[in-house]
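For reference, the structure discussed in these notes is given below.
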Amino acid sequence: MTIREIPDMIEAQERDLTEVIRVAVPERSIRADLRAVSIVWRRELIRFRSDRLRAVTSLVQPVLFLFVLGTGLSRLAGHGLPAGVDFKTFIYPGVLAMSVLFTSIFSAASIVWDREFGFLREMLVAPVRRWSIVIGKCLGGATVATFQGIIFLALAGVAHVPYNPVLLLTLVGELLLLSFTLTAFGVMMAARIKQIQAFMALTQMVVMPLFFLSGALYPLNGLPNWLTVLTRIDPLTYIVDPMRHAVFDHLSVSPLALRTLSPGITWDGWLVPLGLSLAMVAAMGLVLLGVAIAEFRKTE
């Protein structure tokens with residue numbers, strides 16, 4: 001064998017080796033995409049189960065609002081409440097929504113972490129459509145946040161809210177709807193943010209106004225015009241009001257007290273039906289999900 005024949009021999013061996021070793025890349029299919037949704041969803045549950053400190057710290061702020069703020073303001077607010085109604089009972093639906101508000105949006109923070117450590121790139125190059133990753137992330141975050149809300153729901157008796165099965169199922173369903181919408185909102189924001197510090201600063205700037213403008217701590221009637229407008233454009237208002245209506249619908253209060261504490265949402269004097277409020281929250285969740293999927297398609 002001459003020296004000139006060596007490169008030809010090496011090339012022939014490489015060609016034979018390529019024919020023997022082949023990388024099998026599965027074709028994209030709906031079944032593979034649904035499997036990816038399930039895997040991403042289970043990953044979120046595993047992360048939540050392995051991080052017990054996260055579950056505890058997420059409940060600290062709602063508990064402080066309910067017990068410290070609710071107890072501290074009960075005497076002052078009690079003069080404006082109907083007889084027999086505790087201030088903690090009034091703010092409980094809003095604080096319950098708050099218990100899933102932070103968990104839902106912060107669940108999307110893992111996307112920023114995955115981007116910083118390179119794991120997101122490995123997910124994006126997988127032979128699955130990117131919408132499956134987004135949907136799996138939203139479903140996982142919604143499940144974790146709803147579970148967090150169920151834990152806080154166990155404290156309903158402390159706020160003098162009855163453990164009625166119909167009421168509890170209604171609240172759990174509304175929490176799941178809220179959690180999905182908020183998680184989609186968080187995923188949409190995290191799709192383009194590259195640093196976790198920027199994501200945390202942005203969420204803090206958005207989360208607190210959403211909570212305080214939702215009517216969680218005060219009735220929606222008798223407000224100044226500027227505050228009324230802000231509460232009507234706050235999407236969280238359209239889930240806090242049905243939750244409060246469900247709670248007071250299972251309490252023994254007079255019709256006058258019900259109109260005072262849960263007057264409903266009005267648009268220029270027209271009372272928005274509860275079904276329409278929930279449908280608006282669901283529609284917002286689907287729109288945010290679509291935007292998040294579109295953002296992920298642009299992500300490299």
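The values are calculated or read from the model by the stated rules, or taken from the named source; none is laboratory data. Just so you know, these numbers come straight off a predicted model, no measurement behind them. Note that each Cβ is placed from the backbone with ideal geometry, even for glycine, and that neighbours are counted across all protein chains shown. When the accessible area is computed, the model is the full protein with side chains, heavy atoms only, and any ligands, DNA or RNA have been set aside. Shrake-Rupley method; radii C 1.70, N 1.55, O 1.52, S 1.80 Å.
Can you tell me how many residues within the stretch 187-215 are closer than 18 Å to F65 by Cβ, over 17 Å from the mean Cα position of the chain (by Cα) and in contact (Cβ under 8 Å) with a residue 60 or more places away in the chain? Of the residues in that region, 1 qualify. Would you check if there is a residue in the stretch 230-241 being in a loop (DSSP other than H, G, I, E, B), under 20 Å from the mean Cα position of the chain (by Cα) and surrounded by fewer than 22 Cβ atoms within 10 Å (Cβ to Cβ)? For the stretch 230-241, residues in a loop (DSSP other than H, G, I, E, B), under 20 Å from the mean Cα position of the chain (by Cα) and surrounded by fewer than 22 Cβ atoms within 10 Å (Cβ to Cβ): present.
The residue of the stretch 178-216 that is most open to solvent (accessible area, probe 1.4 Å), among those that are outside any helix (DSSP H, G or I), modelled with pLDDT under 85 and of a type outside the set (A, V, I, L, M), is K194.
Of R35, R42, R31, all but one fail to be under 27 Å from I293 (Cα atoms), assigned to a helix (DSSP H, G or I), modelled with pLDDT under 80 and open to solvent by 100 Å² or more (accessible area, probe 1.4 Å); the exception is R31. Of all residues being over 23 Å from M280 (Cα atoms) and free of Cβ contacts under 8 Å to residues at least 60 places away in the same chain in the stretch 253-263, which is surrounded by the most Cβ atoms within 10 Å (Cβ to Cβ)? Just the residue, please. Restricting to residues being over 23 Å from M280 (Cα atoms) and free of Cβ contacts under 8 Å to residues at least 60 places away in the same chain, the top hit is L258. From the list N221, N225, the one residue that fits, being open to solvent by 30 Å² or more (accessible area, probe 1.4 Å) and either in contact with a strand residue (DSSP E or B) (Cβ under 9 Å, 6 or more places away or on another chain) or of a type in the set (S, T, Y) (or both), is N221.
Considering the stretch 109-168, the residues that are touching a Phe, Trp or Tyr at 6+ places or on another chain (Cβ under 9 Å) and among the polar types (S, T, N, Q) include one that is farthest from T183 (Cα to Cα), namely Q148. Residues in the stretch 36-57 that are farther than 21 Å from R130 by Cα and either among the aromatic types (F, W, Y) or in contact with a strand residue (DSSP E or B) (Cβ under 8 Å, 6 or more places away or on another chain) (or both): F48 only. If I filter the stretch 156-175 for residues that are hydroxyl-bearing (S, T, Y), touching a helix residue (DSSP H, G or I) at 6+ places or on another chain (Cβ under 6 Å) and open to solvent by less than 10 Å² (accessible area, probe 1.4 Å), do I get at least one hit? Looking for residues that are hydroxyl-bearing (S, T, Y), touching a helix residue (DSSP H, G or I) at 6+ places or on another chain (Cβ under 6 Å) and open to solvent by less than 10 Å² (accessible area, probe 1.4 Å), one finds none in the stretch 156-175, hence no. Taken over the stretch 267-300, the criterion of being modelled with pLDDT of 85 or more, β-branched (V, I, T) and open to solvent by less than 50 Å² (accessible area, probe 1.4 Å) is satisfied by V272, V281, I293.
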